[in-house]
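The values are calculated or read from the model by the stated rules, or taken from the named source; none is laboratory data. The model shown is predicted, which means the values in this text are computed figures rather than measured ones. Cβ atoms come from the backbone with ideal geometry, glycine included; neighbour counts cover every protein chain shown. Accessible surface areas use protein heavy atoms only, side chains included; no ligands, DNA or RNA. Shrake-Rupley method; radii C 1.70, N 1.55, O 1.52, S 1.80 Å.
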Amino acid sequence: MSKDVMADLKRDHIVKLLSKGIRVDGRKFDEMRPINIEKNYIKSAEGSARVHLGNTDVIVGVKMIVGQPFPDTPNKGVLTTNAELIPLASETFESGPPGRPAIELARVVDRGIREGQAVDMEKLCIEAEKEVWIMFVDIHIIDYDGNLFDAANMAAIAALKNAVVPAKRADKGEDFPLPVAHEPISVTAVKIGEHILVDPTYDEEIVADARLTVAANENGNLCAMQKGGEGSFSVDEVLQVVDLSRRLGAEVRSKT
Amino acid sequence: MQRNDSRESAREIVVPGDLLADRSMKAGPGTYVENGNIYASLLGIKSIRSNTIGVVPLSGQYVPIRGDMVIGKIVDMGASNWLVDIKAPHPSPLHVNEVPWRVEFGETGRFMTVGDLVLLKVVGVDELGRVQISMKEHGLRKLAGGVVFDVAPAKVPRVIGRSGSMIQIMKNLTGCRIHVGQNGRIWIDGDLDNILRAVEAIKLIEKEAHSRGLTEKIKSLLDHSPSKGE
């Protein structure tokens with residue numbers, strides 16, 4: 001992945017504006033960009049959604065096949081999450097095998113779904129130890145302007161919610177809606193100097209010292225976290241991001 | 001103004017391959033000639049100026065032309081040159097001979113370093129699209145302070161306006177120093193409130209580049225901004 005050099009004076013400008021309480025795009029510090037979710041976007045997928053988060057544009061598709069369970073979870077379905085950062089989305093993305101950022105993205109989205117118990121995996125068991133549903137969540141980035149984590153997470157949750165298990169196609173009885181039990185929504189905040197900003201744009205991500213992603217479910221229970229960047233968060237700041245995640249996550253959840 | 005408007009309403013959008021004219025006219029930018037006929041090579045608006053027919057692109061990458069003033073960003077350094085990103089298809093090296101200082105071999109970093117912004121001129125483009133850039137002209141320099149942002153290169157003529165009219169209005173009404181690079185990079189310096197007003201105005205120009213009466217809109221936007229005072 002080729003790195004984008006940011007002009008020093010652009011960086012200075014962002015920091016200067018923040019000290020006056022203004023973000024470059026005029027948002028408040030705790031304000032997400034406009035969210036637009038189109039459900040069932042890809043007809044050939046079991047479930048899908050396209051999410052516009054400001055200028056960030058992500059499509060998530062869910063596909064399901066019948067396969068073998070893992071030996072340690074013989075009565076549970078399998079979840080596989082994949083993301084690729086293709087050059088179409090940004091000039092800083094290179095083609096080739098998934099790099100560190102793509103793997104991190106897939107893992108954070110995966111962790112939200114898995115640890116948030118978004119899907120009741122036991123209902124995806126067909127015959128214990130023999131046959132279960134294997135679920136693929138594929139994340140495609142169409143346009144990148146920061147905060148892929150949250151865009152991909154909300155697209156994944158929206159896609160899961162409209163997914164239908166294709167049992168008939170696989171000769172396993174009647175189709176049924178994917179058993180979605182919880183809706184974990186992640187909210188990402190970055191720290192620039194002393195300021196905590198949610199839903200960073202591309203420019204803000206470059207300037208940021210540190211990044212924290214917190215996923216919470218509809219009951220406000222935390223289910224996943226991911227910290228990035230070289231800077232640090234104090235305990236109070238972490239709790240502040242947790243609060244933001246619960247509050248903003250509820251708004252986002254109503255849209256998925 | 002009225003006459004101008006009626007002519008603009010005849011604006012025609014063409015796609016690559018559209019027949020524009022026969023050999024009676026001269027082929028301008030954004031066209032190609034086949035069997036003596038002139039065709040559009042870009043998606044854009046057909047424009048006729050005296051006897052020349054051309055296409056003004058609706059969007060697209062910056063293509064450097066000799067004489068363009070551009071704003072470049074230093075992305076790498078060598079012992080005797082800097083590598084500058086001017087948003088062109090090819091990377092553009094700036095040789096130490098083309099800067100206004102005397103730079104000893106290996107001392108490039110003492111003058112400009114990665115992340116600096118510079119005002120440059122394109123002094124040559126060869127047939128492969130490789131560019132030669134220079135800082136050796138009056139007014140060309142390293143930029144300090146202010147803010148920089150990008151607009152689509154196709155919208156630059158609208159930001160500048162006819163013979164610089166639009167940019168002059170913005171400079172007068174905001175009191176900012178503004179440089180518009182032909183590559184779509186814009187640098188603005190002044191006090192913070194005025195910078196933000198100028199940025200807002202330019203974003204509006206970019207969004208409504210193809211609408212009429214834009215100059216008036218910009219004038220009223222900047223006149224009614226609260227921070228303008230009396």
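Estimated from helices alone, the mean residue ellipticity of chain B at 222 nm is -6000 deg cm²/dmol (sum of -39500 (n - 2.57) over DSSP H runs with n ≥ 4, per residue). Spatially, segment B:86-122 and segment B:139-207 are offset by 23 Å when compared through their Cα centroids.
When the Cα centres of segment A:38-66 and segment B:66-81 are compared, how far apart do they sit, in Å? About 42 Å separates the Cα centre of segment A:38-66 from the one of segment B:66-81.
In this calculation the C-beta distance from B:S211 to B:K142 is compared with R0 = 25 Å, giving a FRET efficiency of 0.10. For segment A:130-256, the relative contact order works out to 23 percent when only alpha carbon pairs closer than 8 Å and six or more residues apart are counted. Computed with every protein chain present, the accessible area of A:L85 is close to 30 Å² [probe 1.4 Å]. In segment A:1-35, what residues drop by 40 Å² or more of accessible area when the other protein chains are put back, versus the chain on its own? Use 1.4 Å, and skip ligands and nucleic acids. Flagged in segment A:1-35: A:V5, A:A7, A:D8, A:L9, A:K10, A:H13. With helices as the sole contributors, chain A gives -8500 deg cm²/dmol at 222 nm; each DSSP H run of n ≥ 4 counts as -39500 (n - 2.57), and the sum is divided by every residue. Computed over protein heavy atoms with a 1.4 Å probe, the carbon and sulfur contribution to the accessible area of segment B:40-192 reaches 52%. Here the simple spin-label model places points 7 Å from the Cα toward Cβ, and for B:S24 and B:E104 these points are separated by 6.9 nm. Neighbours of B:K217 by Cβ distance under 13 Å: Lys/Arg scored +1, Asp/Glu scored -1, total 0. Interface size, chains A and B: roughly 1100 Å² of accessible area buried, both sides included, 1.4 Å probe, rounded to the nearest 100. Taking every protein chain into account, the accessible area of segment B:13-57 amounts to 60 square angstrom per residue (probe 1.4 Å). For chain A, the relative contact order comes to 20 percent (Cα pairs under 8 Å, sequence separation of at least 6). B:K219 contributes about 80 Å² of solvent-accessible surface, heavy atoms of the protein only, 1.4 Å probe.
For a test of the definition: using alpha carbon positions, the gyration tensor, and the 1.5 limit on a/c, classify segment B:147-223 as rounded, prolate or oblate. Cα axes put segment B:147-223 in the oblate bin. Oblate is the label for segment A:1-63. Its Cα gyration tensor axes, ordered a ≥ b ≥ c, give a/c of at least 1.5 and b/c at or above a/b.
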